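S.K.: Quick one: this structure, given as structure tokens, is what I'll be asking you about.
The values are calculated or read from the model by the stated rules, or taken from the named source; none is laboratory data. What you are looking at is a predicted structure, and each value in this text was computed from that prediction instead of being measured. Cβ placement follows ideal geometry from the backbone for every residue including glycine, while neighbour counts extend to all protein chains displayed.
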Amino acid sequence: MAPPLAGDEEDEKARWCGLNMDMMEMILKHLPIADHISASVVCKSWRLATSDIILPALRAPWLLGSAMDSASLDWGFYASSNGGRSLGLEIPKEFRSQWCCGSSKGWLMHLRKPRRRFREFEARLLNPITGATVELPSFPPTIIKSIISTSPFATDFTLAALCFELINFVKYVIVYRPGHPRGKKLLIDDAIDIVFHHGRLYVLTDSAEIWVCAFDPRWKVSFQCILTLFEEEDRHPGSYWAKLVGSNDGVFVVYCSTTTGVEGQQLKVFEVKEWGLRHHRVVEVNSLGGRTFFLGPFSDGVAIYKMKSSSKLDIIKPDHIYYLAGSDYSLWAHCMQKGRSFRVEGFKLVDHIVEWFIPDLEDRSGLMAVTPTHSRSLLLTISFVMLAVSVRCMLGWLGI
């Protein structure tokens with residue numbers, strides 16, 4: 001039976017924290033990931049008990065999806081490993097009807113229509129795990145992708161948004177930093193992707209040039225241009241898409257020709273290498289060095305290093321590039337060793353796949369209010385599960 005809910009608050013907390021570890025692990029196996037996250041901030045023993053369940057869910061980025069029902073959009077998160085299992089974590093209702101235009105470092109950026117006409121859209125950052133929100137200045141409604149350099153509560157926080165002009169559809173980049181009333185428009189033509197790496201912003205252009213933007217404390221920007229990915233006679237490679245990927249030890253470019261359709265897509269990977277103090281060069285690589293790349297329309301391009309599968313059900317493999325393609329944004333993968341792309345068949349998610357989400361569970365300070373004495377719903381859930389487990393064990397002992 002569960003400890004009583006009455007009594008002194010400190011004694012009650014001590015009784016809950018003193019639960020047998022085996023019993024805790026048995027209970028947690030029946031709870032969804034949302035309750036795991038809440039339970040992990042109660043005390044050290046509960047966090048230790050939840051680590052074996054939460055950590056496997058962090059092996060690969062989650063997928064943000066929706067049932068796309070005609071009546072409502074039930075946004076939820078799904079594990080990209082183990083065939084798209086639901087994590088039981090949903091987007092708050094007030095954000096479901098808003099346009100999500102960014103998924104970066106554990107935060108989602110949402111745009112909502114202004115209360116008055118002819119105004120720019122109101123923007124907010126949402127941490128779907130902690131429920132924290134951060135108000136942003138107004139942004140144009142033509143944002144294609146938005147990313148952040150670090151936590152919005154850090155002193156060096158910077159946000160970059162890739163937008164396009166409504167008249168001529170020319171793409172450009174806006175950067176924002178707290179303390180400055182308006183965003184700064186970067187004078188880089190035809191930008192097609194952006195990524196932050198070690199505080200600097202990398203911008204990939206349609207002509208396959210890479211611009212490195214550094215920001216000083218006075219909010220001035222310095223630019224460096226990296227040579228194009230192609231030879232002079234091949235400056236216009238035709239129909240293609242390209243994405244930037246940030247890794248701990250460098251920046252990569254994934255280039256894909258689309259002239260042969262989704263089935264015949266061939267991907268090439270380039271690494272940006274530093275050459276001296278202020279020079280860079282781009283070289284093609286044939287291996288990801290044990291990394292796994294994840295690409296999406298409006299999420300950070302990220303690299304997970306030495307990802308290991310824990311079961312035969314895992315569809316995420318090392319030295320693969322996973323991306324969303326086709327009219328239905330289905331999940332595709334490119335094997336670097338075999339040099340071919342294929343559709344991931346073992347993925348059972350019937351919902352509409354929208355984007356990758358990189359969970360960040362290191363900072364769970366926003367959940368510290370979730371304790372046994374302040375969250376009756378979590379306690380009742382655990383008490384009910386404990387009762388069900390006890391009855392099941394008793395029936396098994398009686399041989400019924």
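S.K.: Yes or no: Asn82 at pLDDT 65 or above and more than 24 Å from the chain's Cα centre (by Cα)?
M.R.: Numbers: at pLDDT 65 or above: yes; more than 24 Å from the chain's Cα centre (by Cα): no.
Spelling it out, it is not the case that Asn82 is at pLDDT 65 or above and more than 24 Å from the chain's Cα centre (by Cα).
S.K.: Can you tell me which residues in the range 60-77 are of a type in the set (Phe, Trp, Tyr), within 13 Å of the chain's Cα centre (by Cα) and either under 16 Å from His110 (Cβ atoms) or modelled with pLDDT under 75 (or both)? First the steps, then the outcome.
M.R.: The first filter runs over the range 60-77 and keeps only residues of a type in the set (Phe, Trp, Tyr), leaving 62, 75, 77.
Cutting the leftovers down to within 13 Å of the chain's Cα centre (by Cα) gives us 62, 77.
Phe77 - this is the single residue of the range 60-77 that is of a type in the set (Phe, Trp, Tyr), within 13 Å of the chain's Cα centre (by Cα) and either under 16 Å from His110 (Cβ atoms) or modelled with pLDDT under 75 (or both).
S.K.: Out of everything in the range 148-189 that is in a strand (DSSP E or B) and hydroxyl-bearing (Ser, Thr, Tyr), what residue ends up being nearest to the chain's Cα centre (by Cα)?
M.R.: Going residue by residue through the range 148-189, those that are in a strand (DSSP E or B) are 148, 159-164, 171-176, 184-186.
Next cut, hydroxyl-bearing (Ser, Thr, Tyr) only: 172, 176.
Values: Tyr172: 23, Tyr176: 20 Å.
Among those that are in a strand (DSSP E or B) and hydroxyl-bearing (Ser, Thr, Tyr), it is Tyr176.
S.K.: Out of the range 202-222, which residues are closer than 26 Å to Val254 by Cβ and of a type in the set (Ser, Thr, Tyr)?
M.R.: Tyr202, Thr205, Ser207
S.K.: How about the range 332-358: which of its residues are modelled with pLDDT of 85 or more and assigned to a strand (DSSP E or B)?
M.R.: Selection gives Trp332, Ala333, His334, Cys335, Arg340, Ser341, Phe342, Arg343, Glu355, Trp356, Phe357.
S.K.: Okay, next question. Taking the residues in the range 118-156 that are of a type in the set (D, E, K, R) and surrounded by fewer than 20 Cβ atoms within 10 Å (Cβ to Cβ) as candidates, determine which candidate is nearest to Gly246 (Cα to Cα). Full working, then the answer.
M.R.: Taking the range 118-156 as the starting set, the residues that turn out to be of a type in the set (D, E, K, R) are 119-120, 122, 124, 135, 145, 156.
Within this subset, residues satisfying the condition of being surrounded by fewer than 20 Cβ atoms within 10 Å (Cβ to Cβ) are 119-120, 122, 124, 135, 156.
Values: Arg119: 34, Glu120: 30, Glu122: 28, Arg124: 24, Glu135: 26, Asp156: 18 Å.
Here the residue is Asp156.
S.K.: Additional query: Determine, yes or no, whether Leu288 is hydrophobic (A, V, I, L, M, F, W, C), at pLDDT 90 or above and surrounded by 19 or more Cβ atoms within 10 Å (Cβ to Cβ).
M.R.: On the way: hydrophobic (A, V, I, L, M, F, W, C): yes; at pLDDT 90 or above: yes; surrounded by 19 or more Cβ atoms within 10 Å (Cβ to Cβ): yes.
Considered against the rule, which asks whether it is hydrophobic (A, V, I, L, M, F, W, C), at pLDDT 90 or above and surrounded by 19 or more Cβ atoms within 10 Å (Cβ to Cβ), Leu288 comes out as yes.
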